[in-house]
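All remarks here apply to the structure that follows.
The values are calculated or read from the model by the stated rules, or taken from the named source; none is laboratory data. Computed from a predicted structure; not experimentally measured. As a convention, Cβ positions derive from the backbone with ideal geometry for all residues, glycine included, and neighbour counts pool all protein chains shown. Ligands, DNA and RNA are excluded from the accessible area calculation, which covers all protein heavy atoms including side chains. Shrake-Rupley method; radii C 1.70, N 1.55, O 1.52, S 1.80 Å.
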Number of protein chains: 2
Amino acid sequence: MLTKTPHLFDDATKVTAGDSRWQGHTSPDYWAFVGPFGGCTAATILRALIDHPERAGDPTTMTVNYCAPVAEGAFDLDLRLVKANRSSQHWCVEMTQGNGEVATLATAVFAERRPSWSHSGASYPGAKPFAETLPYTKISVPWVKQYDFRFVEGEPKYGSTSSSAPPETYSKLWIGDSVPRKIDFLSLLAMSDAFFARIFHAKRDFVPFGTVSLTTYFHVSAEDLAAEGIARVLGVADAKIFHKSYGDQNGELWSPNGRLLATTTQIAYFKA
Amino acid sequence: MLTKTPHLFDDATKVTAGDSRWQGHTSPDYWAFVGPFGGCTAATILRALIDHPERAGDPTTMTVNYCAPVAEGAFDLDLRLVKANRSSQHWCVEMTQGNGEVATLATAVFAERRPSWSHSGASYPGAKPFAETLPYTKISVPWVKQYDFRFVEGEPKYGSTSSSAPPETYSKLWIGDSVPRKIDFLSLLAMSDAFFARIFHAKRDFVPFGTVSLTTYFHVSAEDLAAEGIARVLGVADAKIFHKSYGDQNGELWSPNGRLLATTTQIAYFKA
C-alpha cells in the first residue's frame, strides 16, 4: 500500500457484510452533482462482491445500471449468486434505499483466469510523462478533487466561445487518486467512470447529464494487476454518437507500463 | 415487411405471454455449436420485453450474460420491471429451463427518445456495394446459414497455414438475413452478436469459445429505424486483447444510408 492510513476511497466504498444483504453509505468526499459519483457506487458494489465469502475468481465484467438518483445516506446491497459454473460465477446486485425502490442494478461475472494464448491488438496510446503534465484543477466538485487528472490531449474547454468549432470528444489523460493509492479492481472500476461526460466536451459546457449504464471489462487477473504495482493509469475516452437525448462513451485504461487493464463503455442521458 | 410469410427469425424468437413469466423455445434453424445462437437468445428476450404490456419507450441498452448452455427445447423468461422513471424503464430478465437454474441473465433500459442536439463523431466505414461483394458460404452451422454475410475486409482464413502472420481481428462485412427481413431492434440485437468470434480470426482456426457477456447500445429510436427501411447493415468488429482465457470484441452496425444504428461490445471465453 502506498498509504498507511485508511484511504478516503476505501472509506467511501466501505461495506458491512450481511448474509445476502450488505450495507453501505454514500460519502460526501465522492459526491457529484445530484448524488454520489457513479464510479464510487460501482466500486462499492464490486467491493461487496469481492468480499463475499462465496466469491471465486477475478472480476471479468461488470455492468451497472443507474436506475434512480442515490440519496445521501445508507443503502442496502442485495447480492445474489445467480449461477456458478466450474470456473465462473454470475452475480446480480440490487442497491436499495429506505423506500425499497431499486436505485442501482448491477450484474458481474467472476472467472478463474487460466493461462492461455495472449495477444494485445490495441496499441498503447503513449503520453508525455505524468510528472511533466499539469494537473486539472478547474472543477471543484467533491469527487473530482479526489482524483489527480492530468490531460495529455482533449482537456475540456468549458465556456469556450468557439462554438462554431467542430465538437471534440477525444481525451487522453493520466488518472490517479489525489492521495496516491495502489490501483486495484475497485479503483480501476471507479476510474472507468471518471472520464468527464463526453457531452460536456462536445458542447464545451455543462448540461444536464446522467450515466444510464456502464460496462467495464477487466483484462488482467488480480495477480497481474498487483504485479503492475501502479498508482495511476493512462486513460483514453471518446464518443461515437449523440442522438435523441442519449450518447455513448468508450474508453481504455492502460498501465503506464503499456498494458491494457480495462476497457469500458457507457450510455448516458443528456439534455442539450 | 419484405416477406409476407412468417420469417424464420420471427419463428425462432417467438414468445408466449404470461404475467411476469413468459415462454419461448429454442430453434433448430438458429442452432450454433453447443446451443442456440446467442444473438437469437438475446433477441427473444428483447422481443418479450418489447411485447410486454408495461413496456414504454425504445430499447436503449441491453446486456446479456450467458450463464450456462441453453438446452434444446422450452425455456421460461421471468421479466421484471425493476424501476420506472418518468421517461425510462429498467428491466431484469432471467431465462430458466426445466431444472430452474438460470441459463441467461439480462438487463435492459428502455427510454423515451426525445429530440436533442445530435452529432455523429464516428465516420461511416464505407464499403463496396453489397451486390458486388461475395457471400460467405464456407460455414454450414445452422445459424450462420440464416445470414447473408458478405466480407468487405477481414474475411476469416480458417485453416490457413500462415501461422507466423500477425493475428488479424478486424472485419468489415455486410450482414443481412438470408431471407431478407426489414431491420428492427430484434434483428439489430441478433446481428450485434453475429460477428464470428474474434479468436477464430486471430488464431485462423476454431477453438472452444463462448460469449460470456454482450452489451449493445441502440442509437436510433423505433421511428428512426423504421424510416431507414433497410434489410441489411454494414458491420465492423475488432478485438483489443486476448489474455488468460478471455478476449473482447467491439463493433458497430451501420445503416447503408450512413447512419450509426448500434454499437456493441462483448467479452468471451476461449481456449487456445
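Inspection of the stretch B:144-151 identifies no residue that is of a type in the set (A, V, I, L, M) and touching a residue at least 40 places away in the same chain (Cβ under 8 Å).
Against the test of being within 30 Å of A:Arg259 (Cβ to Cβ), within 20 Å of the chain's Cα centre (by Cα) and not polar (S, T, N, Q), the options A:Ala122, A:Ala103, A:Ala68, A:Ala108 yield a single qualifying residue, A:Ala108. Just one of (1) closer than 30 Å to B:Ala268 by Cβ; (2) open to solvent by less than 50 Å² (accessible area, probe 1.4 Å) fails for A:His7. It is (1). Do we find that B:Leu46 is surrounded by 15 or more Cβ atoms within 10 Å (Cβ to Cβ), more than 14 Å from chain A (Cβ to nearest Cβ) and not basic (Lys, Arg) in this structure? Yes.
Checking each residue in the stretch B:239-264 for being of a type in the set (Ser, Thr, Tyr) and either within 19 Å of A:Ser87 (Cβ to Cβ) or out of contact with any helix residue (DSSP H, G or I) (no Cβ under 8 Å at 6 or more places or on another chain) (or both) picks out B:Ser245, B:Tyr246, B:Thr263. Looking only at residues in the stretch A:161-186 that are of a type in the set (Ser, Thr, Tyr) and open to solvent by 10 Å² or more (accessible area, probe 1.4 Å), which one is nearest to the other protein chains (Cβ to nearest Cβ)? Here the answer is A:Thr169.
In this structure, A:Gly126 does not satisfy being out of contact with any strand residue (DSSP E or B) (no Cβ under 6 Å at 6 or more places or on another chain) and at pLDDT below 95. The residue of the stretch B:195-205 that is nearest to the chain's Cα centre (by Cα), among those that are among the hydrophobic types (A, V, I, L, M, F, W, C) and within 14 Å of chain A (Cβ to nearest Cβ), is B:Ala197. All of B:Gly98, B:Gly121 fail the test of being within 24 Å of A:Lys271 (Cβ to Cβ) and at pLDDT below 95, apart from B:Gly121. In the stretch A:187-194, is there at least one residue being within 13 Å of chain B (Cβ to nearest Cβ), assigned to a helix (DSSP H, G or I) and either open to solvent by less than 10 Å² (accessible area, probe 1.4 Å) or in contact (Cβ under 8 Å) with a residue 60 or more places away in the chain (or both)? Looking through the stretch A:187-194, at least one residue is within 13 Å of chain B (Cβ to nearest Cβ), assigned to a helix (DSSP H, G or I) and either open to solvent by less than 10 Å² (accessible area, probe 1.4 Å) or in contact (Cβ under 8 Å) with a residue 60 or more places away in the chain (or both). Of everything in the stretch A:227-243 that is in contact (Cβ under 8 Å) with a residue 24 or more places away in the chain and over 14 Å from the mean Cα position of the chain (by Cα), the residue that is farthest from the other protein chains (Cβ to nearest Cβ) is A:Ala231.
Residue selection: A:Pro36 fails the criterion of being closer than 30 Å to B:Ala68 by Cα and modelled with pLDDT of 95 or more.
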